[in-house]
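Below: one structure, written as structure tokens.
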Amino acid sequence: MKKNDFLTLTVDDLNNLGCGVGHAPDGRAVFVKGAVTGDTVRVKIIKVNQSYCVARLEELLSPSPYRLTAEHCTAPLSCGGCVYRHITYEHELDRKRSYVEHAFRKAGLASVTVLPVRATKQIFGYRNKGQYPLLQTKEGVRAGFYATGTHRVISADGCAIQNPAFAPIVAFVCSYADKAGWSVYDEITGKGLLRHIYLRIGEQTGEIMVCLVINGDRLPNGEAFAKALCEAFPAVVGVLTNINRENTNVVLGKSYTTLRGKAFIEDELCGLCFRISPDSFYQVNRKGAELLYGLAADSADLQGNETLLDLYCGTGTIGLSMASRVKRVLGAEIVPAAVACAKENAARNKIANAEFFCADAGDRETILRMTGGERPDVVVIDPPRKGSTKALAECLASLEVPKIVYVSCAPDTLARDCKWFSEAGYTIGSVQPVDMFPRTGHVESVVCLTRTFNN
């Protein structure tokens, strides 16, 4: 095989990047963006490696039964956000379960049971947060998304997975920017004012926050803009600017100015009220988060008298959602701002049996100080994508924690960490995948790890 060769392939798999996988005559895997399990396709080889090739789809010779006849989104394919936009949702869920199974097989845990993926069935409009980079075109200011793997902005009128309230607000901001003569930031020159439109919505409350990220100290006539925006969209309760003058791909800077209304919105999650500032962590799929947290609590089989340790607790949402089902909640998080939010959330919801500490979740002495030397009955861990550590598995085993509920956003690190817990003597329960991000390649999972200790 060499670059620019043409090949006819039968696609026999689909990975979590949205690439169909077939095999060349020499046995090498061929990855084809946009191809679907069961397709027969004609492709052009664009990259050759010793163990695999990458090809471009040239012609669909025979479509798969899993292929959708009409795609759900009007955004260009180069957006790359919805890697499963061209397949049935049932096949997407099957692929996600397979992704989790493969991760556990790769970690040497093929005997672990992976259950069918649970989902809310809300495939569209579930995202409550949107970040839109801007670009200047001949037709005026336009918003869009970064093309896959680049910082090239592609214009898009809408996004099928964003809350539908966002699109008309984005269009209004772009139109107002044209009339006001606001310039658009250019990453190459570092010049221009407007960088991003950043939106958040409380799904239950309906409250919307609009934040313009600017490369400057102020937005000219910002108060007039904020007034016009709020009059056009009564659901907007706060209009802010965020200053980001750094030459960076990080969207938000550290400084905010409130032009009109509140500097936060509120929403309800698992029956609790959460105040959401621009930089607060909050799950982008509220219904999905409620499903995920409910499954985590169910897997813990809480009886009401437990001390629950919530590690990597963030703003406390998981621990607080379980507080009514246990005796006490102790949360540990290394980010001070997140700990402050967790304490505020506990106070706002009048939850008196939860305490939060700014501490390293993997440190044994810290855990002992938090618990007063007592053994926690249940530990919930929800680490970032890089996963937890072998040291934490050994630490929890040494503390004789009988039950650990692991919530994960990354199957590969979940499987690796479960291997460490297994080596520390824990039994791995059934893994429950949860589709928090339909149409994308991401999948969350919950698994309960148990071990019996002599009292």
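The values are calculated or read from the model by the stated rules, or taken from the named source; none is laboratory data. The structure presented is a predicted model; accordingly, all values stated were derived computationally and were not measured. A quick note on method: Cβ atoms are made from the backbone with ideal geometry, for glycine too, and the neighbour counts reach across all protein chains shown. SASA here: full protein model, heavy atoms, side chains in, ligands and nucleic acids out. Shrake-Rupley method; radii C 1.70, N 1.55, O 1.52, S 1.80 Å.
A few points about this structure:
- Ratio of the Cα radius of gyration of the stretch 213-263 to 2.2 N^0.38 Å, where N counts its residues: 1.20
- Tail beyond 17 Å, pair distance distribution of the stretch 1-97 (Cα, percent): 47 percent
- The value obtained for the stretch 329-455, namely the Cα convex hull volume divided by the number of residues, is 123 Å³ per residue.
- Per residue accessible area in Å² of the chain, where ligands, DNA and RNA are left out and the probe is 1.4 Å: 44 Å²
- One Cα centroid belongs to the stretch 394-455, the other to the stretch 149-226; the line between them spans 39 Å.
- Each 5 Å bin from zero up to the one holding the largest Cα-Cα distance in the stretch 18-170 carries the following percent of pairs: 2, 8, 13, 15, 17, 17, 14, 9, 4, 1, 0, 0.
- Ellipticity at 222 nm from helices only: DSSP H runs of n ≥ 4 in the chain, each -39500 (n - 2.57), divided by the residue count, give -7500 deg cm²/dmol.
- Scanning residues 5 or more positions from VAL30 or on other chains, those with amide H under 5 Å from its amide H are GLY22, HIS23, ALA24, CYS53, with H placed 1.01 Å from N in the peptide plane.
- Using Cβ point charges alone (K and R +1, D and E -1), the dipole size of the stretch 280-386 about the Cα centre works out to roughly 280 debye.
- Radius 11 Å from Cβ of ILE367, net charge of other residues (Lys, Arg +1; Asp, Glu -1): -1
- Highest to lowest packing among 69-75, 170-176, 17-23, scored as the average C-beta count within 10 Å: 17-23, 170-176, 69-75
- Convex hull projection area averaged over all views, the stretch 399-455, Cα basis, nm²: 4.0 nm²
- Extending 7 Å from Cα along the Cβ direction at ARG369 and again at TYR89 yields two label points whose distance is 4.8 nm.
- Taking all protein chains as shown and a probe of 1.4 angstrom, PHE357 keeps an accessible surface of around 60 Å².
- Expected-Rg normalisation [2.2 N^0.38 Å, Cα atoms] applied to the chain: 1.07
- Within the stretch 58-80: backbone nitrogen closer than 15 Å to the LEU17 label point (7 Å, Cα to C-beta): 80
- The residues packed around GLN162, meaning those with a beta-carbon under 10 Å from its beta-carbon, carry a net charge of +2 if Lys and Arg are +1 and Asp and Glu are -1.
- Phi to ³J(HN,Hα) by Karplus 6.51 cos²θ - 1.76 cosθ + 1.60 over the stretch 249-261, Hz, x for Gly, Pro: 8, 6, 5, 9, x, 9, 10, 10, 10, 8, 8, 6, x
- Members of LYS327/LYS419; LYS33/LYS386; LYS121/LYS287 lying beyond 21 Å, as alpha-carbon distances in this model show: LYS327/LYS419; LYS33/LYS386
- In this simple spin-label approximation, ILE334 and ALA70 carry label points 7 Å from Cα along the Cα→Cβ vector, and these lie 5.0 nm apart.
- Rg/Rh, computed from the Cα trace of the stretch 172-241 with Rh as the Kirkwood radius, has the value 1.00.
- Radius 14 Å from Cβ of LYS44, net charge of other residues (Lys, Arg +1; Asp, Glu -1): +3
- Dipole orientation for the stretch 62-122: of the candidates THR74, ALA107, ILE87, ALA107 has the Cα lying most toward the positive pole (charges on Cβ; Lys, Arg +1; Asp, Glu -1).
- Square roots of 5 times each gyration tensor eigenvalue, C-alpha, the stretch 211-321, largest first, Å: 36, 17, 10
- Put simply, the amide H of GLU187, placed in the peptide plane, has no neighbours under 5 Å, leaving out anything fewer than 5 places away on its chain.
- For the stretch 174-290, the share of accessible area belonging to carbon and sulfur comes to 48 percent (1.4 Å probe, ligands and nucleic acids excluded).
- Summary value for the chain: 12 percent relative contact order, contacts being C-alpha pairs under 8 angstrom separated by 6+ residues.
- When its C-alpha radius of gyration is set against 2.2 N^0.38 Å (N residues), the stretch 281-397 gives a value of 0.99.
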